[in-house]
Every structure is written in C-alpha cells, then in structure tokens.
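Below is one structure, written out as structure tokens, with a few remarks after it.
The values are calculated or read from the model by the stated rules, or taken from the named source; none is laboratory data. This is a predicted model, so every value here is computed, not measured. All Cβ positions, glycine included, derive from the backbone under ideal geometry; neighbour counts span all protein chains shown. These area figures cover heavy atoms from the full protein model, side chains too; ligands, DNA and RNA do not enter into them. Shrake-Rupley method; radii C 1.70, N 1.55, O 1.52, S 1.80 Å.
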Amino acid sequence: MLKISVLSGAQAHTVKTDALALGVLEPPKLADDGVELDTALDGRLSELLDSKEIKGGRGKLAATHTHGVLGATRVCVAGLGKPGQLDADAFRTAAARVVASARSGGGSRIAWYVDSELGLSAAEQARALTEGTALASYDHGAWKTIDPRPDPIAELVLLGSDADDIEASAERAAQVSEWVNHARRLVDTPASELTPVALAEDALRVAAEHDRLACEVWGPDEIHAADMGAFSAVAQGSTNEPRLIVLRWPGLDVPEAPTLGIVGKGITFDTGGISIKPSSRMADMKGDMAGAAAVLSAMGAIAALDVPCNVIAVIAACENMPDGAAYRPGDILTAKNGKTIEVTNTDAEGRLILADALTYCREEGATHLIDLATLTGAIVTALGDFYAGLMGNEQSWIDEIQAAAAASGDHAWQLPLHSTFRRHIGSTFADFKNSSDLRQAGSIYAASFLSEFAGEGPWAHLDIAGTALLDRSRGDYFTSAGATGYGVRLLVELAAGMSKEP
Ligand code: BES
Ligand code: MN
Ligand code: ZN
C-alpha cells in the first residue's frame, strides 16, 4: 500500500523525493510555497512561467530538475485548471501527471504541497491527491513478460499545516484506493483465470483477513435448491460452475440500525449465450463481473476501515455460454420471488441473475438495496465512460447515492424510472419477458425489470457498463484502457454516510 507521511511546508526543501509537486490554477501564479522554491531554484520556476511552459491548465504539467539544490530530484508544477471549475478530480488528475513524471525517471517517491488557499479543504485535497497517486500507480500490464514493469509509487509525502486532518484523510484514501485497485485487477483478469470459482476464492480470502467479515459460498445445487430459477438458467450453459457469494459485515450492533444490501453482477464472461454476440470487442466481456468486483472490494474496504454500518453483499457469479445445455430463447423461468420470465434474448442475462440475487438480499434483511451491473450497451451510448446510470424506486435513496457518487469521484447521473416503461416488459406467456425489441430506452427497460425483483423498500440500480472498463484513456487520472474499479469508492462513501444517520 502507498505509504503516507505528513510534514510541514518548512520541511519541503530537505524531503528526499523523486518529485516535489505543487498545484497552480489557471492563469498561473506562484503562491508563497512556489516563491520560496523559485528562490531556491534560482528563478527557474519564474522562467517557466514567463515562457508559458507553466500554463495552469487542468492535467498540464511542467517539470524542472533541481541539480541537488533541494532534497527532491525534480520539481513539478501541476495545472489545476480554472478556479471556477476546481474540484477533487482536478487534484486526482494532477497527481496522476506527477506519477508519470516521477516514473519517467524510474522514481517511486512523491511529495505534494497541500495548500488550502487553492479552494478545496486540506483534507479533501489530501484525499484526492492520495487517490490520484495510488490509482495512477496501478499497472494494467501484469501479464506482460517482455517490457520491464514500472514499480508502484511507494511513498507520498504531504506537506501542509493541518497535519492531523491531512493524515487521517490520506490514510483512509490510501486504504480505499488499494481496494479500488483490487477490483481493477479482478476486472482486468481474463475469464480463463477468473472463473466463478476463482472469484469465490478471492471473496473467501478477503473475508479471512477480518474476524468479523463472514463469507458464505453456494454451488449449483444450493442455488437450485434455493429456487433461483433465473440464475440457474443462465449458469447452465457453462462447464464452469456458478457460485453465489454472500459477505456479511455486522458493523453496528443496534436493533433498529439499517442494513445496506449491495448486489453485484458477476458474469465472468458474457458471450451472449445462444443469442450470441458479434465477435468485435467481445473480449471486453471478461469485465462483465465489474459489479461483483466492486461489491467484493468495497466489503474489503468497509471491513478494513471498520465502518459502523451493517452491510450484506450478494454476488451472483456465472458464465453466459452457448452450449448443448444452455438456456434458450423462449424458455420460461421461475425466479426466486415466484414471478415467471420468458427469455426473449439470452444476452439479457444480467437482469436474470440479479433478479434472484436482489430477492435473496432483501430476504436476508437488507433495508436499503443497491445493485451494480455492467447491464446495457445502451448506457454507454447515453452517458459514455464518466457517469454511471442511476435509477431507483425512491428519490431520497437515489439522492443519497448521488451525493456519495459526487463525493467519492465515482460519478453517476440519474435517469428516470416511470411506470409507463413497465408495459414493455409484458410477455404473452409469462409475467415478464427479459428483453424488448422496441430499441428504445434499453437501460431504463432493464432497470424497470429489476425493480420487479427488489421487494419492499428503497432500491437503486447503477448501470456501470460505460464506466467500469475503458477502451481508451479518459484523459484524467485513468490514463489507459482497462478497468477503473468503479463503484468501490462510492459504496464505501455510501456505507459511511448511512452510519451517520440518526
Ligand atoms: N454485458 C452486456 C452489457 C454490456 C455492453 C456491458 C457493453 C459492457 C459493454 C449485457 O449482458 C448485454 O448483453 N446487454 C444487452 C441487452 C439486450 C440484449 C437487451 C445489450 O445491451 O445489448
Ligand atoms: Mn449479455
Ligand atoms: Zn452481460
């Protein structure tokens, strides 16, 4: 894990580091710390300002070597953009640019000035800089043998005056980021390695690290015996057995305390089944378990941080394969809640496994439900790779999730759910059908379907198909294709927020 230390600004000149960084707004000017550094560096920072090499634009970076004048090898001036647009993402992005600069010289130690004059509180800056550093340090190339792999950034020194606030906030962010990177590794891992069984083994390992975190794993017979007819049907076409993974965190021993239920789609590979997908980009479907990865990793973080909130996590993990034993279009399934579903498209499998997982999570005592799923291609078209789609059955619960999304950096955008959409899920033969041929509002259609299985009480759904696995850099602190770990930070923030409720 990224090691955090906090020093006062006066110690900046002696701190041994590969990059000493400070943020500047646009248009750029040097604040007190900057002026001091400039003096030590014989005016080299002013020169960079005069030559317009320091512009202050968001995501822009200028660096200069110190030639041994300071403890640092280089000084980085990182742009934060216009003051009116300053947010935590600006600091995360700046931190990622500094990681790249430190690494270009083979470095692994970074120091950052925390300057609360810039607009965000010292604690918020510390959190964002830590996240940006830890997340940009993640290596997607774990399977490469030819290129030398970069070392992860080992140490982040934060220089500021509110030492206690900075330290608590950065330590927490370092822990959460570690779990975000855990989720990313699960999502990046190919389906040949990350089978449902391997995912369950990971969950058992995570639970074994904490006394009070319990994990239960079911195989196909138990799933079938629990009347999970929809989940069983999706799983039946693969020789890799399904697993139902349940994690329980008893964070708060108070009788009337709410229980947060988090449900993850864990399709370890989605071929589409008999309604097979086209081959282009099908490799991305190794990431169809990103909801499960977020849920599992969030439980690891919640336990590590000892969050005082009861949480139950349910993950339905299986492969969606075409096979002699696979479920077919036209099949009619009976879900755990007794409702019947006509399968009109075997590629709309996520909503089927989630239907049973939601019912089970509610039965197990969840008062507030949220599911995370790479559910529809339509959400990628509608919202792209920055916002996940958020829908639910109770506005106050959606608002709480929206607030956690904004505060955590896992951004979400609400789409409407209305009873009028329900007419699209009606079937001639069964209670519902799992897909419509209307070619409209596909993400809302899917959420309407899920709402029928959420039981009584608040429920919300996050469609993370666009945000979980990138096919190119996002231009911010996610600088490459691959997994983002979307949802881990949001879920931790949500659980922590619920523990503060009266
Ligand atoms: N796993 C896919 C959704 C997806 C698409 C995730 C692109 C990530 C990137 C899901 O199971 C799926 O196939 N959805 C179908 C639903 C349709 C058949 C109603 C889709 O979106 O095309
Ligand atoms: Mn599918
Ligand atoms: Zn899928």
I want to confirm something. Restricting to the stretch 43-63 and keeping residues that are outside any helix (DSSP H, G or I) and free of Cβ contacts under 8 Å to residues at least 24 places away in the same chain, which single residue is nearest to the chain's Cα centre (by Cα)? 62
Within the stretch 391-406, count every residue that is in contact with an Asp or Glu (Cβ under 8 Å, 6 or more places away or on another chain) and under 14 Å from residue 369 (Cα atoms). 1
Restricting attention to the stretch 397-423, report how many residues are among the charged types (D, E, K, R), modelled with pLDDT of 95 or more and open to solvent by 40 Å² or more (accessible area, probe 1.4 Å). 2
So residue 451, is it of a type in the set (S, T, N, Q), open to solvent by 20 Å² or more (accessible area, probe 1.4 Å) and either under 26 Å from residue 365 (Cα atoms) or modelled with pLDDT of 90 or more (or both): yes
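Please pick out the residue among 487, 426, 442, 475 that is free of Cβ contacts under 8 Å to residues at least 12 places away in the same chain, open to solvent by less than 60 Å² (accessible area, probe 1.4 Å) and not aliphatic (A, V, I, L, M).
Within the list 487, 426, 442, 475, the selection yields 426.
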Enumeration of residues in the stretch 253-275 that are buried (at least 21 other Cβ atoms within 10 Å of the Cβ) and away from ligand 3 (no atom under 16 Å from the Cβ): 259, 260, 261, 262
Run down 250, 242, 278 and say which single residue is more than 10 Å from ligand 1 (Cβ to nearest atom), over 21 Å from residue 486 (Cα atoms) and surrounded by 24 or more Cβ atoms within 10 Å (Cβ to Cβ). 242
Taking the stretch 281-304 as the search range and keeping residues that are within 16 Å of ligand 2 (Cβ to nearest atom) and among the small types (Gly, Ala, Ser), which one is most open to solvent (accessible area, probe 1.4 Å)? 283
In the stretch 339-370, anything farther than 23 Å from residue 426 by Cα and open to solvent by less than 10 Å² (accessible area, probe 1.4 Å) is listed as 361, 366, 369, 370
Out of (1) surrounded by fewer than 22 Cβ atoms within 10 Å (Cβ to Cβ); (2) of a type in the set (Gly, Ala, Ser); (3) under 13 Å from residue 297 (Cβ atoms), what's the single condition that is false for residue 207? (1)
Residues that are touching an Asp or Glu at 6+ places or on another chain (Cβ under 7 Å) and more than 10 Å from ligand 2 (Cβ to nearest atom), drawn from the stretch 373-388: 373, 379, 388
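Looking for whichever is closer than 21 Å to residue 326 by Cβ and in contact with a His (Cβ under 7 Å, 6 or more places away or on another chain) here; the options are 232, 238. Which one fits?
Working: 238 fails: in contact with a His (Cβ under 7 Å, 6 or more places away or on another chain).
None of the other options fit; the residue is 232.
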